[in-house]
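Below is one structure, written out as structure tokens, with a few remarks after it.
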Amino acid sequence: MTLTKQSFHRALPPSSEVAMTDLDHTRGKEKAMQQSVTRTGMVVPKKRPTGRLVMHSMAMFGREFCYAVEAAFVTPVLLSVGLPKSLYSLVWLISPILGFVLQPVVGSASDHCTCSWGRRRPYILGLGIIMLVGMALYLNGDEMISAFIDGRDKQTWAIVVTMLGVVLFDFAADFIDGPIKAYLFDVCSHQDKEKGLHCHALFTGLGGALGYLTGAVDWGQTVLGYSLTSEFQVIFLLSALVFLICLTVHLRSIPEVPLRYNKEETRLLLEVTDPRKYSSIEEIRNGYIACTEINAAAKPKKHVATSCTETQRRMTLKSLLKTLFSMPSHYRYLCVSHLFGWMAFLSNMLFFTDFMGQVVYRGSPYAPHNSTVYLTYRRGVEVGCWGLCINAISSSVYSYLQKILLQYIGLKGLYFIGYLLFGLGTGLIGLFPNVYSTLALCSLFGVMSSTLYTVPFQLIAEYHREEEVQSLQEDEQDTDHRRGKGIDCAALTCMVQLAQIILGVGLGLLVSVAGSVVTVISASMVSLIGCCFVAFCVRYVG
């Protein structure tokens, strides 16, 4: 009989360490797809059902529904209350400046939130309420002021209230995206993160499509229109109802394990009698596996008990600024590419209905409301809503196709194609402002929209996964310097506010000088520049 290397090792009595490792491997084999064990004491999520991911995506549906309503009506509303041209850019500057300054603070605060309800959901609920207040003010500001004020000051106060509503809505709608993405990353495994982001893009497109369809309907001629004072009140009622339902479903989708464990959970973590035995908290109730240190028995229990308080102390102004300024280069390049994308996308979307009314249909919003020129402009706005609806539907379709294309062209190909197609499409619209060609090319807007909502956040997830694997390989025990998901998602979504600031400063002046056609031309140029940046500067994992 030949003694092979394998049979020799089987013949030897196994050491206690090998035996315990084999025993753990056997016990954990059946749960290998549901849990993973780390050495950091962090919560490891299990695989999520598709239904839960769909519920989680409903917040994006409601948010984009309200965003679509704002995109369709904010310019006509501001013009209808008599907003001077000199103040138009100010509306788009106040909210993004606040967001750009405060969003990293909110992202870092949510990383260290000790609320028993979770880290992200309290912020999502608060921002959702602010969205509803802002929407109520900008859609009903004129009627609110009419009920309380008469005379010469009526128009001034109507402008103030409407502007305040737009600022509050934009502030909250932009802010809420970061906590929603961080919430998804916290409660999902790496495979479910990718699946969840595609669900987010799908429902973002569907919500936008329904929102633009709402804007394309003449609600003044319906039963609700006759019952209420104005068409804008009908739109607010529908938007608020949709958003409240979606927000409620989202907040009840997947439970979070709070950062600060209660006494019972702390006791479970401390009850470690075997260095190879893993304790779990809320495993059945919340579907998480909370893993203790592999060598927990060899370490003082005080270290485990005080880990949460140490985490809370990390969030200081100094540490926040250090995290932002010491951002690795690949995060910084990703943020810059995201900035190019949103500058191109917003410069087109914010003025698209006005572009359709003034350039394509050759109407004017400044004409008397009963004149043919103004009615022609209103017709162009309604058709522009249909174009934005096409954009939203194509975004949903493309978000599904992304999963197929990803296997062949990877994240780099998806990122490059999104910017390239959008740049070409907006360039053709600016050169040939025809109704039918413009509506057809609106489908390319959806490619860009889906790309911005998925690919950058997938890259963030890849970066975090790479860092976690690297820290495990290096047997890293100190987690103080690790970047939080909340602040990285916030830094990425800050680019939306920065894009709005840049556009508010420069694009408003260009529109007043050259007209709305400059918006699509500038969108095309910025998108093509971003296309080159995506191809040569952004780092891709794998």
Some residue of region 128-147 being in contact (Cβ under 8 Å) with a residue 60 or more places away in the chain, farther than 22 Å from PRO179 by Cβ and of a type in the set (Val, Ile, Thr): no
Some residue of region 98-109 being closer than 18 Å to LEU164 by Cβ, part of a helix (DSSP H, G or I) and of a type in the set (A, V, I, L, M, F, W, C): yes
The lone exception for VAL373 - which of (1) assigned to a loop (DSSP other than H, G, I, E, B); (2) surrounded by fewer than 17 Cβ atoms within 10 Å (Cβ to Cβ) it fails: (1)
The listed residue being within 13 Å of MET55 (Cα to Cα) and either in contact (Cβ under 8 Å) with a residue 24 or more places away in the chain or under 19 Å from the mean Cα position of the chain (by Cα) (or both), out of PHE232, PHE236, PHE203: PHE203
Unmet requirement for ASP150, which otherwise passes all of (1) assigned to a helix (DSSP H, G or I); (2) free of Cβ contacts under 8 Å to residues at least 12 places away in the same chain; (3) farther than 27 Å from SER394 by Cα: (1)
Some residue of region 135-155 being of a type in the set (Phe, Trp, Tyr), closer than 30 Å to PRO49 by Cβ, at pLDDT 85 or above and surrounded by 23 or more Cβ atoms within 10 Å (Cβ to Cβ): no
Filter result (closer than 17 Å to TYR436 by Cβ and outside any helix (DSSP H, G or I)) within region 340-370: TYR361, ARG362
TYR400 being part of a helix (DSSP H, G or I) and modelled with pLDDT of 90 or more: no
Boolean, VAL54 is over 27 Å from SER399 (Cβ atoms), under 22 Å from the mean Cα position of the chain (by Cα) and assigned to a helix (DSSP H, G or I): no
Residues of region 217-229 satisfying the condition of being open to solvent by 70 Å² or more (accessible area, probe 1.4 Å) and within 31 Å of the chain's Cα centre (by Cα): ASP218
Number of positions in region 239-252 that are touching a residue at least 12 places away in the same chain (Cβ under 8 Å) and among the hydroxyl-bearing types (Ser, Thr, Tyr): 1
Residue tally, condition of a type in the set (Ser, Thr, Tyr), touching a Lys or Arg at 6+ places or on another chain (Cβ under 8 Å) and open to solvent by 10 Å² or more (accessible area, probe 1.4 Å), over region 156-198: 1
Per-region count, region 230-260, residues open to solvent by less than 80 Å² (accessible area, probe 1.4 Å) and in a loop (DSSP other than H, G, I, E, B): 8
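The values are calculated or read from the model by the stated rules, or taken from the named source; none is laboratory data. It should be emphasised that the depicted structure is a prediction, and the values quoted were computed from it without experimental measurement. Neighbour counts run over all protein chains shown; Cβ positions are idealised from the backbone, glycine included. Surface accessibility is based on the protein's heavy atoms, side chains included, excluding ligands, DNA and RNA. Shrake-Rupley method; radii C 1.70, N 1.55, O 1.52, S 1.80 Å.
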